[in-house]
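Every number in this text was worked out from the coordinates using simple rules, so none of it is lab data. None of the values given here were measured: they were computed from a predicted structure. Glycine gets a Cβ as well: all are built from the backbone with ideal geometry, and neighbour counts include every protein chain shown.
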Amino acid sequence: MTPGLFQRYRTPADFANARREELEQAIHSTGFFRAKTRAIQNASRMLVERFGGKVPRTLEELVQLDGVGRKTANVVLSIFGVPGIVVDTHVRRLSRRMALTAHDDPDKIEQDLMGVIPRADWSAFSLRLIYFGRQVCDARRPQCPSCPVRDLCPSSRHGGFPPWMAAHRAGRNGRAGRAGAVLARAAGPASGRIAGRASGRIGRGLTAVPRPRAVPTGVSGRRER
Ligand code: SF4
């Protein structure tokens, strides 16, 4: 979809001035096409009016754009070589399974990971978790018996479904949620040393499995948290 789209619309001004129905048609296959069209055109207008038609290179500026949350901003920053932790659904799930965080909120998970992963590895670490979540640590069928980090991951002895995540799911803000956070903290030696070893192992483990064809873009029509 994107090669044709970017051939037709080459600049933020092109997207801003496009006929709404035409743009909706062009991105129809991605789903949520109306909300995405609205966000694309609003963000493009803002790029033209506030940033001279150029994509800004700071997180603070990027999150001002319509439809852009910290996740998408960090994806964009990584393209510019600026380190950032991208917390998508895979990073969120794996960080909690590996007990690198006791939180459920993406912003808090990002802060926790920034505390245990060296800054230079932030972007690579997120990408590794995303690929690893797709290929090994699946949401419904985690492959714990053959997982290259099973001896480091506290969820391996629970088959990938640790009690701290069940408790958290049962009541995010209630007693069960707090119990989940306590269990996760108790289970997780969330140190940079363990996280770094896990990251390296995940990287090596991924060389043995085929790469997915789609590159995660973090672009979503839904509002990010
Ligand atoms: S041991 Fe299981 S839960 Fe832990 S990272 Fe590997 S697949 Fe995921």
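Just to verify a result, which residue in segment 79-99, among those that are within 13 Å of Phe132 (Cβ to Cβ) and outside any helix (DSSP H, G or I), is nearest to the ligand (Cβ to nearest atom)?
Of everything passing the filter in segment 79-99, Met98 is nearest to the ligand (Cβ to nearest atom).
Mind checking which residues of segment 130-161 are more than 21 Å from Glu110 (Cβ to Cβ) and of a type in the set (Gly, Ala, Ser)?
Answer for segment 130-161, where residues must be more than 21 Å from Glu110 (Cβ to Cβ) and of a type in the set (Gly, Ala, Ser): Ser146, Ser156, Gly159, Gly160.
Which one of Ala43, Ala18 is out of contact with any Leu (no Cβ under 8 Å at 6 or more places or on another chain) and surrounded by 18 or more Cβ atoms within 10 Å (Cβ to Cβ)?
On the way: Ala43 fails: out of contact with any Leu (no Cβ under 8 Å at 6 or more places or on another chain).
Just a single option satisfies the conditions, and that option is Ala18.
Restricting segment 32-75 to residues that are in a helix (DSSP H, G or I) and among the small types (Gly, Ala, Ser), which is nearest to Ala18 (Cα to Cα)?
First, the residues of segment 32-75 that are in a helix (DSSP H, G or I): 33-51, 59-62, 70-75.
Subsequent filtering for residues that are among the small types (Gly, Ala, Ser) retains 35, 39, 43-44, 73.
Numbers: Ala35: 15, Ala39: 13, Ala43: 13, Ser44: 10, Ala73: 24 Å.
Going through the qualifying residues, I end up with Ser44.
Keeping to segment 113-163, report how many residues are within 11 Å of the ligand (Cβ to nearest atom) and of a type in the set (Ser, Thr, Tyr). Steps first, please.
Step one: list which residues in segment 113-163 are within 11 Å of the ligand (Cβ to nearest atom), which gives 129, 132-133, 135-139, 141-162.
Next, only the ones that are of a type in the set (Ser, Thr, Tyr) stay: 146, 155-156.
Result for segment 113-163: 3.
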